[in-house]
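The values are calculated or read from the model by the stated rules, or taken from the named source; none is laboratory data. None of these values were measured; they are calculated from a predicted model. Heads up, the Cβs are rebuilt from the backbone with ideal geometry, glycines too, and the neighbour counts pull from every protein chain shown. Note: areas computed on protein heavy atoms with side chains; ligands, DNA, RNA excluded. Shrake-Rupley method; radii C 1.70, N 1.55, O 1.52, S 1.80 Å.
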Amino acid sequence: MASLIRCLVSAGPTREYFDPVRFISNPSTGRMGFALARAAAATGWETTLVTGPAGFDDPPETQVFHVESAEEMHRALGLRFSECDVLIMAAAVSDCRPRRRAPGKVKKGDMEMCVELEPTPDILKTLGERRRPDQLLVGFAAETDRLEAEGRRKLMEKRCDVIVANRVGVPGSGFGAADNAVIVLTRSGAPQRMGPAPKDELARQLIACFSTMISKEQRA
Ligand code: C5P
């Protein structure tokens, strides 16, 4: 009998506060990540979702952890990573964060002096460094151009098995849009185009695709 597949999904943006009321973030709404969690749970996978602030109800049959910053997301995923068979990193993690968080609201005139930035941890890359060969690691790459080349670079750099590359900055695809069109890049196979299609439909197609990639040992 096939063993239960344990799937860890990340979704949404992260917020990197520089004072109690202001933060650096991006336009991600979590729509694609939530659709993937719903599709994974619907396919019978034991699904855990770690999400940044997103505007959707928690998916049914899914354990959900709400986080805000990249640091919190890193910790939440790191704690659960070794237990999962599939990691789908659909979150739009903020690439930078303020070096310090002021205890009180920063005055407008002081911002330039106060808001010094540093990179956030690359969660997927760090998890890729401690991955097991039987785990399937899926990353997303939102690009404005050189979609395939950038996707391939991230596939290698982050030790993923799959990068789902999609175009951002054009109407009808990417952040917050109802539809998406993607290129699925793997280490050995030919690039596979999916969509344009509603994100829910695309999520079902992607989960079916990942399902065929999970190693035979995993299912034995
Ligand atoms: O931002 P970037 O294009 O490098 O994102 C590619 C993949 O890496 C995505 O799956 C994203 O969730 C992940 N990522 C991450 N930690 C970061 C930045 C991106 O895990 N700090």
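Residues of region 1-37 falling in the label zone of MET111, defined by backbone nitrogen less than 16 Å from a point 7 Å along Cα to beta-carbon, are 16-26. Rounded to whole Å, give me the distance from the Cα center of region 189-214 to that of region 10-65. Using only Cα atoms, the two centres lie 19 Å from each other. Among beta bridges identified by DSSP and lying wholly in region 15-110, the antiparallel ones come to about 40 percent. Here region 4-52 was treated as a single set of alpha-carbon atoms; its pair distances binned every 5 Å from 0 give 5, 22, 23, 16, 12, 10, 6, 5, 1 percent. Computed with a 1.4 Å probe over protein heavy atoms only, the accessible area of THR126 comes to about 50 Å². The packing ranking of peptides 33-39, 14-20, 76-82, 100-106, highest mean first, is 33-39, 14-20, 76-82, 100-106, where packing means the average number of other beta carbon atoms within 10 angstrom of each residue.
A Gaussian network model of the chain, with springs between Cα atoms under 10 Å, assigns the largest mean-square fluctuation among ASN180, ASN166, ASN26 to ASN26. Using a cutoff of 8 angstrom between alpha carbon atoms and counting only pairs six or more residues apart, the relative contact order for region 88-135 works out to 43 percent.
Using alpha carbons only, the radius of gyration of region 101-220 set against its Kirkwood radius gives Rg/Rh = 1.10. Inverting the pair-averaged 1/r between distinct Cα atoms of region 73-166 gives 15.2 Å as its Kirkwood hydrodynamic radius. Largest first, the extents of the alpha carbon coordinates of region 40-117 on the three principal axes equal 53, 26, 18 Å.
When the GluC sites (Glu not before Pro) in region 21-91 are filtered for DSSP coil states and for at most 10 other beta-carbon atoms within 10 Å of their beta-carbon, the remaining sites are GLU83.
Of all the options MET113, MET89, MET156, the one that moves most in a Gaussian network model of the chain with Cα springs shorter than 10 angstrom is MET113. D by Stokes-Einstein for region 128-169, Kirkwood Rh over Cα pairs, 4 °C, 1.567 mPa s: 122 µm²/s. Panel values: the chain, Kirkwood radius from alpha carbon pairs, Stokes-Einstein at 25 °C and 0.890 mPa s, translational diffusion coefficient 137 µm²/s. Bridge orientation summary for the chain: considering DSSP beta bridges with both residues in this region, about 40 percent are antiparallel. Here the accessible area of the chain is 51 percent carbon and sulfur, with a 1.4 angstrom probe and all protein chains present.
For the options LYS108, LYS158, LYS125, a Gaussian network treatment of the chain with springs between C-alpha atoms closer than 10 Å singles out LYS108 as fluctuating the most. Antiparallel DSSP bridges in region 116-210: what percent, to the nearest 5? Given both bridge residues lie in region 116-210, the antiparallel proportion sits at roughly 60 percent.
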